[in-house]
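*Asks:* Pasting in a structure now, in structure tokens, and then I'll have a few things to ask.
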Amino acid sequence: MRMLLNLFILLAITYLALVLLVYLGQSRLVFFPDKQLSNTPAMFGLDYSSVSIATTDGETLHGWWVPSPDAKGTVLFFHGNAGNISHRINYLTMFRRLGYNTLLFDYRGYGQSSGTPSESGTYLDAQAAWQHLIVTQKIAPEQMILFGESLGGPIAAWLAARENPGLLVLASTFTSVFDLATQIYPFLPVRWISRFEYNTLESLQSVTCPVFIAHSPQDEIVPFQHGQRLFQTVSGPKQFLTLQGGHNNGFIFMQPAWQKALGTFMDEHLASPTD
């Protein structure tokens with residue numbers, strides 16, 4: 001009996017240590033920034049300009065502005081939790097081909113942006129990028145498309161719930177950190193230790209613009225049902241695109257049919273520049 005008791009105590013201490021470790025190291029489980037830029041749009045034959053965006057709390061964000069001749073609108077792109085903007089240049093090529101300007105920027109702590117990433121910080125970054133397009137680029141809100149990839153999804157949805165963009169796109173996005181963490185770590189008391197929310201589902205309830213959602217049944221990181229639940233939550237104009245491939249190799253830009261579906265939805269639901 002004493003041996004069983006000692007074993008139980010050892011297991012309890014080990015479990016509590018694991019819970020404490022996860023609690024203290026959550027940021028490292030959420031954010032995987034890369035400070036080194038591996039490419040630029042010029043290497044892909046794209047005309048671009050580097051931009052510096054000041055946040056309200058004193059950080060400076062780095063981004064790329066890629067214009068499109070006679071643009072139908074402007075995409076504000078929110079990337080996922082790993083790497084930096086140099087790993088998303090294929091999106092710039094796709095949006096330019098579809099006839100849209102694009103602002104691709106790094107959150108604080110990523111790429112050449114200053115600071116350290118945090119949930120509240122990424123929301124401030126989103127607001128700063130939005131204001132940059134309105135004030136510096138003179139883009140009307142109804143001419144903006146917010147595109148969120150993976151972790152960028154809840155950030156884009158958060159901004160869409162507070163501003164008035166023309167359209168919202170969510171690709172491979174989870175419903176909330178709590179929902180996702182519960183599935184990934186079913187043995188942890190996620191409700192009690194989670195310091196992140198990133199609640200896409202909650203934000204969508206306040207979004208009034210058309211919404212395009214894309215997700216793959218083979219997504220091994222964000223289960224397919226997350227995309228389905230997000231789609232069910234949208235009450236206005238919407239479309240669901242079923243992708244193929246894993247979380248890191250099932251991108252919309254990879255298939256012409258997927259690009260066409262997204263482009264058609266954007267063209268049909270975004271107000272034209274002359275409206």
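*Asks:* Lys/Arg Cβ at +1, Asp/Glu Cβ at -1, dipole of the chain taken about the Cα centre: which of Ala160, Phe78, Gly109 is farthest positive-ward?
*Replies:* Comparing the listed Cα positions along the dipole, Gly109 ranks first.
*Asks:* Compute the distance from the alpha-carbon center of region 180-227 to that of region 20-93, in whole Å.
*Replies:* The two parts, judged by their Cα centres, are 22 Å apart.
*Asks:* Hey, another quick one. For region 34-146, just say rounded, prolate or oblate: build the C-alpha gyration tensor, square-root its eigenvalues into a ≥ b ≥ c, call rounded for a/c under 1.5, and beyond that prolate if a/b exceeds b/c, oblate if not.
*Replies:* Because a/c hits 1.5 or more and a/b fails to exceed b/c, region 34-146 counts as oblate.
*Asks:* Mind checking the full-extension length gain between Asp57 and Thr208? Use 0.36 nm per residue of separation minus the Cα-Cα distance, one decimal, nm. Present the calculation step by step, with values, prior to reporting the outcome.
*Replies:* On the way: separation 151, 0.36 × 151 = 54.36 nm, distance 2.84 nm.
Gain on stretching Asp57 to Thr208: 51.5 nm.
*Asks:* Also: Summing -39500 (n - 2.57) over the DSSP H runs of n ≥ 4 in the chain and dividing by its residue number, what mean residue ellipticity at 222 nm do you reach, to the nearest 500 deg cm²/dmol?
*Replies:* Values: 10 runs with 107 residues, N = 275.
Here the helix-only value at 222 nm equals -11500 deg cm²/dmol.
*Asks:* Test of understanding: in a Gaussian network model of the chain with alpha carbons linked when under 10 Å, which of Phe44, Phe105, Phe78 would top the mean-square fluctuation ranking?
*Replies:* Phe44
*Asks:* Please find the FRET efficiency linking Arg162 to Arg28, where r is the Cβ-Cβ separation and R0 is fixed at 22 Å, and quote it to the nearest 0.05. Intermediate values should be presented prior to the final figure.
*Replies:* Details: r = 28 Å, r/R0 = 1.29.
With a Förster radius of 22 Å, E is 0.20.
*Asks:* Moving to a separate point now. What translational diffusion coefficient, to the nearest whole µm²/s, does region 199-272 have by Stokes-Einstein, given a Kirkwood radius computed over alpha-carbon pairs, a temperature of 20 °C and 1.002 mPa s viscosity? Numbers along the way, then the final one.
*Replies:* Working: Rh = 13.0 Å.
This corresponds to a translational diffusion coefficient of 164 µm²/s.
*Asks:* Taking the convex hull of the Cα atoms, report for region 76-201 its projected area averaged over all directions, in nm². Walk me through the numbers on the way to the answer.
*Replies:* Numbers: hull surface 32.3 nm².
The directionally averaged projection comes out at 8.1 nm².
*Asks:* How large are Rg and Dmax for region 143-218 when calculated on the C-alpha trace, in angstrom?
*Replies:* 13.2, 45
*Asks:* Taking the chain as a Gaussian network, Cα atoms linked when under 10 Å apart, which of Val207, Val135, Val234 shows the biggest mean-square fluctuation?
*Replies:* Result for the chain, Cα springs under 10 Å: Val135 fluctuates most.
*Asks:* Here is a further query. What helices does the chain have that are whole DSSP H segments, at least 30 Å long along their own axis by Cα, and with mean Kyte-Doolittle hydropathy of 1.0 or more?
*Replies:* On the way: long enough: 2-24 (33 Å, 2.28).
Flagged H segments are 2-24.
*Asks:* For region 112-118, in order, what is each residue's ³J(HN,Hα) by Karplus, 6.51 cos²θ - 1.76 cosθ + 1.60 with θ = phi - 60°, in whole Hz (x at glycine and Pro)?
*Replies:* So the Karplus estimates, Gly and Pro as x, are 9, 7, 7, x, 10, x, 7 Hz.
*Asks:* Could you calculate the contour length gain from Gln131 to Glu268, that is, 0.36 nm times the residue separation minus the distance between their Cα atoms, to one decimal place in nm? Spell out each step's value before the answer.
*Replies:* Working: separation 137, 0.36 × 137 = 49.32 nm, distance 2.52 nm.
Between Gln131 and Glu268, full extension yields an extra 46.8 nm.
*Asks:* Which length gain, in nm to one decimal place, applies between Ala257 and Leu4 when the Cα-Cα distance is subtracted from 0.36 nm times their residue separation? Display every interim value, and only then the final one.
*Replies:* Working: separation 253, 0.36 × 253 = 91.08 nm, distance 6.04 nm.
Net length gain for the segment: 85.0 nm.
*Asks:* Taking θ as phi - 60°, what are the ³J(HN,Hα) couplings along region 187-196 by the Karplus curve (6.51, -1.76, 1.60), each to the nearest whole Hz, with x for Gly and Pro?
*Replies:* Coupling constants for region 187-196: 8, 10, x, 4, 4, 8, 10, 5, 9, 10 Hz.
*Asks:* What list of whole percents do you get for P(r) of the chain, with Cα-Cα distances grouped in 10 Å bins up to the one holding the largest distance?
*Replies:* So the P(r) values, bin by bin, are 7, 29, 35, 18, 6, 3, 1, 0, 0.
*Asks:* Provide Thr102, Thr116 ordered by accessible surface of protein heavy atoms (probe 1.4 Å), highest first.
*Replies:* Values: Thr102 0, Thr116 105 Å².
If we order Thr102, Thr116 from most to least accessible, we get Thr116, Thr102.
*Asks:* Report ³J(HN,Hα) in whole Hz for each residue of region 58-73, in order, from the Karplus equation J = 6.51 cos²θ - 1.76 cosθ + 1.60 where θ = phi - 60°; Gly and Pro get x.
*Replies:* Once rounded to whole Hz, the list reads x, 8, 10, 9, 9, x, 10, 9, 10, x, 10, x, 6, 4, 7, x.
The values are calculated or read from the model by the stated rules, or taken from the named source; none is laboratory data. Bear in mind the structure is a predicted one, so any value in this text is a computation, not a measurement. We place every Cβ from the backbone using ideal geometry, glycine too, and count neighbours over all the protein chains shown. Remember, those area values only see protein heavy atoms, side chains included, never the ligands or the DNA or RNA. Shrake-Rupley method; radii C 1.70, N 1.55, O 1.52, S 1.80 Å.
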